[in-house]
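All of the numbers you see were taken from the coordinates with simple rules; none came from a lab. Keep in mind it's a predicted model, so treat the numbers as computed, not measured. Ideal geometry is used to build each Cβ from the backbone, glycine not excepted, and the neighbour counts take in all protein chains shown.
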């Protein structure tokens with residue numbers, strides 16, 4: 001099964017809406033090069049308030065066809081209800097995080113059905129897959145690329161994006177993992193913080209995608225090569241209690257093991273719960289929200 005568009009779409013560029021299921025329409029653009037070649041799927045808006053990534057995807061739909069080889073499919077807003085409602089993280093249709101339920105279930109909840117459609121309809125036949133993200137409304141972060149640990153082709157694409165940090169991940173339930181499980185290289189790119197978008201954060205994502213397209217042979221090689229960066233893993237501190245979260249670090253700062261990351265204050269009374277770093281390394285992201293619940297992420301530190 002593959003993503004199809006109307007026969008009237010034309011040879012070069014088609015923009016319109018596709019329906020993963022009745023009553024759910026999401027925007028889609030397909031760009032076709034002058035000659036056949038690799039097929040790349042780019043998604044954004046898995047989290048509806050991650051605006052840098054959504055804007056980058058929108059700009060990709062307008063890119064010139066000059067030099068393009070193969071086919072680029074862009075789904076810029078998967079979580080369309082969250083986009084209209086300015087909602088972070090979750091799908092308003094069922095309260096689930098879509099990027100934790102891949103490869104989804106065709107007979108499951110709305111988020112599981114959407115993930116199943118992406119994995120079962122949009123991904124098949126693709127040569128590679130890129131999922132675009134950024135810091136959600138309560139996340140401050142440095143730009144980074146993620147690839148599934150142990151998958152060399154995905155690692156090479158993540159490196160090609162030329163982001164400041166490249167992360168390996170063993171996490172399940174993510175979109176790029178669903179791609180790799182089908183034999184399709186998959187990566188995730190993140191740039192931008194706190195639901196805000198700037199030209200700088202958007203351009204980094206847009207350029208990163210085009211660099212990956214160059215690596216795939218879909219666009220001319222930009223030249224200059226990409227130096228191999230260190231490959232990191234992410235160690236995330238989570239909240240042991242609920243309360244008021246006061247973060248003491250910023251993205252880019254280096255922390256040593258045992259250093260203070262912040263304090264969670266009890267909602268009532270003088271209780272304080274100090275959070276310290278379990279590892280040494282640069283801070284990649286932290287949650288900016290004052291409100292924090294048990295088990296929620298607080299600070300992510302990169303370790304080699």
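Using 0.36 nm per residue, how much length does the chain from residue 81 to residue 235 gain when fully extended, once their Cα-Cα distance is taken away? Intermediate results must be reported in sequence, preceding the final value.
On the way: separation 154, 0.36 × 154 = 55.44 nm, distance 3.12 nm.
Result: 52.3 nm gained on full extension.
Take the Cα atoms of segment 231-303, find their three principal axes, and give me the spread along each one in whole Å, biggest first.
In descending order, the Cα extents are 42, 18, 17 Å.
Could you tell me what a quarter of the Cα convex hull surface of segment 172-261 works out to, in nm² with one decimal place?
Details: hull surface 37.7 nm².
Over all viewing directions, segment 172-261 projects a mean Cα-hull area of 9.4 nm².
GNM, the chain, Cα, under 10 Å: largest mean-square fluctuation among 64, 193, 289?
Fluctuation is largest for 64.
I need the peptides 73-80, 271-278, 43-50, 114-121 ranked by packing, meaning the mean over residues of other C-beta atoms within 10 angstrom, with the highest value on top.
Values: 73-80: 24.9, 271-278: 14.9, 43-50: 26.8, 114-121: 22.4.
Listed from highest to lowest mean packing, they are 43-50, 73-80, 114-121, 271-278.
Taking Cα atoms, how many degrees apart are the long axis of helix 199-216 and the longest axis of the chain, rounded to 10 and kept between 0 and 90?
Tilt of helix 199-216: around 50 degrees.
If I fit a long axis through the Cα atoms of helix 51-61 and take the longest principal axis of the Cα atoms of the chain, what angle between them do I get, 0 to 90°, rounded to 10?
Computed tilt is about 10 degrees.
Report for segment 7-216 the percent antiparallel among DSSP-assigned beta bridges with both residues inside it, nearest 5. Intermediate results must be reported in sequence, preceding the final value.
Details: 15 of 35 bridges.
Expressed as a percentage, antiparallel bridges in segment 7-216 total about 45.
Compute the orientation-averaged projected area for the chain from the convex hull of its Cα atoms and round it to one decimal in nm².
Numbers: hull surface 63.7 nm².
Directional mean of the projected Cα hull area for the chain stands at 15.9 nm².
Please build a GNM for the chain, connecting alpha carbons under 10 Å apart, and tell me which residue among 166, 294, 202 fluctuates the most.
Maximum fluctuation in the GNM of the chain, among the listed residues, is at 294.
Would you kindly state how much longer the chain becomes between residue 274 and residue 198 on full extension, computed as 0.36 nm times their sequence separation minus their alpha carbon distance, in nm to one decimal? Provide the component values of the computation, followed by the final result.
Numbers: separation 76, 0.36 × 76 = 27.36 nm, distance 3.36 nm.
My answer for the length gained is 24.0 nm.
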